[in-house]
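Participant: Before we start, here is the structure in question, set down as structure tokens.
Please treat every number below as a calculation from the coordinates, not as lab data. Fair warning: this is a prediction, and the values are worked out from it, not measured in the lab. Positions of Cβ are backbone-derived with ideal geometry, glycine not excepted, and every protein chain shown enters the neighbour counts.
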Amino acid sequence: MQNIITTLKKLFYLWRRSQVPVKQPIKISRIDNLIIFLICILISIISSYKLLLISPLYIEDIFSWFLTFTEILISSGVLILVSKKENPTISSRQIFLIITLLLAVQVTKLALASTISPLAMIIPPALIISQGMGSVTALAWVSIASFIWPDPEIVINNNIFFILLVFASVVSLLGGRIRSRAQLLQLSIFVPIGSFFSQWILIGKDKISITYEQDFVLANGDIFSDSLLLAIAMLFTILFIPIFESIFGLLTKARLLELADKENPLIRRLSLEAPGTFEHTLLICGLAEEATRMIGGDIDLIKTGALYHDVGKLHAPNWFIENQDGSKNPHDELDDPIKSAKVLQAHVDEGLKFARKNRLPKLIANFIPEHQGTLKMGYFFQKAKEKNLDINEYYFRYRGPIPQSKETAILMLADGCEAALRAMNINASDKEALETISNIIYSRKKDGQLDDSNLSKGEIFLIKRAFLNVWKRIRHRRIQYPTSKNNTFS
């Protein structure tokens with residue numbers, strides 16, 4: 001019995017150690033929290049004040065109002081907690097967007113509930129939230145916005161309510177996965193068409209009046225009008241999503257793919273002025289993308305972040321060995337390890353300047369300093385020791401911060417492993433390659449670089465296997481083709 005208990009304790013200990021550490025959410029200032037709280041109170045007041053307009057007013061009515069007010073306030077708080085849980089890096093601007101959209105919908109319900117279809121009120125904001133903050137947050141928002149109506153006299157048809165929940169949920173789920181503007185356009189066409197046929201089936205075709213209704217676009221209750229208004233609202237939402245991205249710092253899948261375009265001016269400049277760095281970047285992309293896929297991370301984010309992580313080398317490309325032609329090394333001519341270390345740190349500082357100048361989203365700009373973390377510039381530190389310089393190790397470390405997300409941590413590991421794997425003998429075994437990968441990752445972990453990354457031991461194991469798989473793909477022999485006068489062999 002004692003052996004069984006001991007075994008169970010060991011299993012529980014190993015299970016607990018293998019779990020992903022809890023990621024601490026970004027702290028929001030007191031002023032922002034106060035503003036968010038006041039908006040939540042305003043939503044609760046707008047959504048419940050009509051309960052106090054009953055005449056005569058009894059104590060039961062006041063109690064009923066208080067319960068409704070509290071329920072809506074708590075619901076708003078739950079919505080914020082869900083958004084923070086899904087995305088710990090959510091900013092106060094993005095929380096403002098979620099709460100403000102809820103406030104706007106409640107005001108619209110109060111003012112235009114008899115004119116505008118519930119579908120056109122709920123579904124477009126759900127698309128914005130799912131694109132920028134994820135499907136779970138969008139579903140939570142849809143639930144609260146759908147069930148809370150400020151005017152108790154407004155009664156929604158059960159069939160309309162069912163159609164609203166179904167299509168709002170579909171938009172929330174698909175919106176978080178859509179990867180291009182073209183797919184958004186398709187969604188804005190198919191959802192209104194789907195709602196039209198759903199209403200036709202569940203409500204009846206006698207509710208259609210295209211020719212006789214003079215103001216059919218705003219004719220609430222008419223099937224064609226509701227669907228047409230929804231289509232128009234969704235099209236305008238798609239047009240305004242880039243504006244929301246800029247104002248509220250949203251990073252949608254479509255935006256990531258646009259930034260990852262190799263013809264982007266900054267990436268194109270990197271390929272022309274620092275070709276060695278660009279090739280190094282592409283190889284790192286392959287390693288990082290495979291590892292991220294293995295652990296279920298954000299592939300689009302790391303693929304885009306990897307492309308921009310070394311743009312700071314554009315300030316002095318020839319100071320980095322991958323861009324040198326082998327004739328001379330500026331660091332040898334400088335012959336000052338301390339100044340050389342400052343040049344390496346400058347590629348991070350200049351990279352952040354490039355990011356600000358080109359208005360890169362914060363999540364992409366984070367890859368620039370975090371992929372180096374506070375790593376030691378070992379080569380120049382050793383050079384300083386050889387010169388017997390009495391210098392602190394601090395001056396030979398990058399200024400950080402260390403990786404704050406799984407994606408930036410994976411990029412750091414891929415950056416360290418890429419050169420080592422490429423330098424390995426073509427006849428090296430898988431065991432030797434895995435040992436090299438493990439040693440590099442262990443050194444990063446021992447140095448404390450992965451402390452804030454939220455990577456579990458299980459995920460680190462998968463990352464090692466992913467790097468090995470990529471190395472096995474790129475390591476291959478080429479057949480020695482015979483030569484001929486007309487060069488017909490290829």
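Participant: May I ask you to derive the FRET efficiency for Glu322 and Tyr442 from their Cβ-Cβ distance with R0 = 22 Å, giving the value to the nearest 0.05?
Facilitator: Plugging the Cβ-Cβ distance into 1/(1 + (r/R0)^6) gives 0.30.
Participant: Please order Asp447, Asp332 by the number of other Cβ within 10 Å, starting at the fewest.
Facilitator: Asp332, Asp447
Participant: Give me the one-decimal nm value for the distance between modelled label points at Leu282 and Ala104, 7 Å along each residue's Cα-to-Cβ direction.
Facilitator: 4.2
Participant: Ranked by Cβ crowding within 10 angstrom, fewest neighbours first, how are Trp141, Trp149 ordered?
Facilitator: Ranking Trp141, Trp149 by Cβ neighbours within 10 Å, fewest first, gives Trp149, Trp141.
Participant: I've got another one for you. Given the alpha-carbon gyration tensor of the stretch 23-251, what are the semi-axes of its equivalent ellipsoid in whole angstrom, ordered largest first, with each equal to the square root of 5 times an eigenvalue?
Facilitator: 29, 26, 13
Participant: What fraction, in whole percent, of alpha-carbon pairs in the chain exceed 28 Å separation?
Facilitator: For the chain, the share of Cα pairs beyond 28 Å comes to 64 percent.
Participant: Among Cys285, Cys417, what is the fewest-to-most ranking by other Cβ atoms within 10 Å?
Facilitator: In increasing order of surrounding Cβ atoms, one gets Cys285, Cys417.
Participant: Here is a follow-up. How are the alpha carbon pair distances in the stretch 351-457 distributed across 10 Å bins from zero to the largest one, expressed in percent?
Facilitator: Distribution as computed: 14, 35, 33, 17, 2 percent.
Participant: Obtain the nm distance between the two label points defined at Asp151 and Leu52 by a simple spin-label model: each point lies 7 Å from its Cα along the Cα-to-C-beta direction.
Facilitator: Each label point lies 7 Å from its Cα, and together they span 2.0 nm.
Participant: Okay, next question. Largest first and to the nearest Å, give the Cα extent of the stretch 260-474 along each principal axis.
Facilitator: Between the extreme Cα coordinates on each principal axis of the stretch 260-474 lie 44, 39, 35 Å.
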